[in-house]
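J.: Below is one structure. I have some questions about it.
The values are calculated or read from the model by the stated rules, or taken from the named source; none is laboratory data. This one's a predicted model, so the numbers in the text were calculated from it and none came from an experiment. All Cβ positions, even for glycine, are placed from backbone atoms using ideal geometry, and neighbour counts span all protein chains on display. Heavy atoms of the whole protein, side chains included, go into the accessibility calculation; ligands, DNA and RNA do not. Shrake-Rupley method; radii C 1.70, N 1.55, O 1.52, S 1.80 Å.
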Amino acid sequence: MENILVIGAAGQIGSELTIELRKIYGEDHVFATDIKQASKDITEGGPFQILDVLDDKRLIHFVIRHRITQIYHLAAVLSGNAERIPVQAWNINMESLMNILDLAKEVEEIKKVFWPSSIAVFGPTTPRINTPQLTVMEPRTVYGISKQAGERWIEYYNRRYKVDTRSIRYPGLISYKTEAGGGTTDYAVEIFYDAVKSGFYECFLSENTGLPMLFMRDAIKSTIDLMEADSSKLSIKASYNLGGISFTPKQLADEIKKHIPSFQISYKPDFRQAIADSWPQSIDDSVARKDWGCTYSYDLPKMTEIMINEVKKKFGK
Ligand code: AKB
C-alpha cells in the first residue's frame, strides 16, 4: 500500500496533482501539506496539514507517523520571484530539496521521490530551438541555477544512495484551478483571467517571445506516468525534457480572439523579458517519449478553449 506525501499541495501543480493522486491511491493515502492554507477540495478531500519543508524535525516525524512511501516535493520560489530575493530563494529551493533527499536516504519505507526541474536550467548558450536532453546548461537566473544544482543532487543521491528520484523539466504550466505565482511563463495564465474579466491584457513579455508550455492536465498525467514507470526503463537520473506546445504571446492572443473577438493585448516587457530570452523556444522530448511513453493530448486551440470556458465559469460569466 502506498502512502503519498505532497509538499506544496496548495500551489499550481500540487492543487491538481493531489486530487489525481487521491483518485488513484485513495483519499486517505495522499497527505497534502503546504506552508499556506489550501483550497477546500484539498483540505476536505483528504488529509491536509500545514507543514514547512524546511522544518526537518517535523518533517521526519510526519513521514514516519504516516508511513510515507512516496514524496512529491513541489515547493519552490519560481523564476520571477527568485530574482527579487536571490539568496533567500536559493536557500529555500536548495535546503528543502536536501531535506527531502536526506530523508529518503534515511527512511527505508520511502521508495520514490518526485522533484520538479524546469526549462530554467537552460541559458543563453543553450540551443534554443528543439533543445536536446543533453546540452549546454548555463542558466542566468537564481531559480535556474538552483534547478540545475538540484538536478545534479538528485542524480547523485540516485546513483550513490539508490534513492529512486524522478524529475521533469517542466515548461510553463497553464492551469485554471490555482493561479501561477511568480514565474516568467505566468503571462500565459494571467492572459486568460484578464481576457475574461476585462477583455484586455498588458503582457510583460514582447509579442514574439516563443516559449514551451504545457496544459496542466498533460503535466499531471506525465508526472504520474513517470512515477509509475518501471525504473529499469529510465535512462535519465537527473530530469527529463518535456516539450508540450510552443507559442508566442501574439499566437496565444490570436487564439483567444477566436473566442473573445473584442480581446485586446498590449506589450510592456519588464525584467522577465531577459529571463524568457535566455530560455528555449521549443524542446526535444524524444528521450521521455522513448523511455516512458510520454505523450500529450492538448494543443493550443484545445487548451485555449478549455481555459476560457473554465475561467468564465469561475467568474460566473
Ligand atoms: C517559471 O516561469 O519560473 C516557471 C518555470 C518555467 O519553471 N513556470
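J.: If I filter region 12-26 for residues that are part of a loop (DSSP other than H, G, I, E, B) and under 16 Å from the mean Cα position of the chain (by Cα), do I get at least one hit?
T.: Yes, that holds for at least one residue.
J.: For region 38-145, give me every one of the strands (runs of 3 or more DSSP E) that falls completely inside it and has 2 or more residues that are more than 19 Å from residue 223 (Cβ to Cβ).
T.: Output list reads 48-50.
J.: Here is a further query. Among the residues of region 1-36, which ones are over 25 Å from residue 118 (Cα atoms) and open to solvent by 30 Å² or more (accessible area, probe 1.4 Å)?
T.: Listed by number, the residues that qualify are 1, 2, 23, 24, 25, 27, 28, 29.
J.: Let me ask something else about it. Residue 96: more than 10 Å from the ligand (Cβ to nearest atom), within 20 Å of the chain's Cα centre (by Cα) and either among the small types (Gly, Ala, Ser) or in the same structural domain as residue 134 (by TED's automatic domain parsing) (or both), yes or no?
T.: yes
J.: Here is a check on your reading of the model: is residue 193 more than 17 Å from residue 123 (Cα to Cα), outside the structural domain of residue 154 (by TED's automatic domain parsing), part of a helix (DSSP H, G or I) and hydroxyl-bearing (Ser, Thr, Tyr)?
T.: yes
J.: Would you confirm whether or not region 167-189 contains a residue that is within 22 Å of residue 234 (Cα to Cα), more than 13 Å from the ligand (Cβ to nearest atom), in contact (Cβ under 8 Å) with a residue 12 or more places away in the chain and assigned to a loop (DSSP other than H, G, I, E, B)?
T.: no
J.: With respect to residue 67, determine if the residue is within 30 Å of residue 1 (Cα to Cα) and open to solvent by 20 Å² or more (accessible area, probe 1.4 Å).
T.: Considered against the rule, which asks whether it is within 30 Å of residue 1 (Cα to Cα) and open to solvent by 20 Å² or more (accessible area, probe 1.4 Å), residue 67 comes out as yes.
J.: In addition: Restricting region 202-255 to residues that are within 14 Å of residue 304 (Cα to Cα) and of a type in the set (A, V, I, L, M), which is most open to solvent (accessible area, probe 1.4 Å)?
T.: Result: 245.
J.: Just give me the residues in region 268-295 being closer than 18 Å to residue 167 by Cβ and touching a residue at least 12 places away in the same chain (Cβ under 8 Å), in sequence order.
T.: Within region 268-295, 279, 280, 283, 284, 285, 286, 287, 288, 291, 292, 293, 294 meet the criteria.
J.: Here are some conditions: (1) away from the ligand (no atom under 16 Å from the Cβ); (2) in a helix (DSSP H, G or I); (3) open to solvent by 30 Å² or more (accessible area, probe 1.4 Å); (4) not aromatic (Phe, Trp, Tyr). Residue 158 meets all but one. Which one does it not meet?
T.: (3)
J.: Checking residue 119 against (1) β-branched (Val, Ile, Thr); (2) at pLDDT below 95; (3) near the ligand (Cβ under 9 Å from one of its atoms), which single condition isn't satisfied?
T.: (2)
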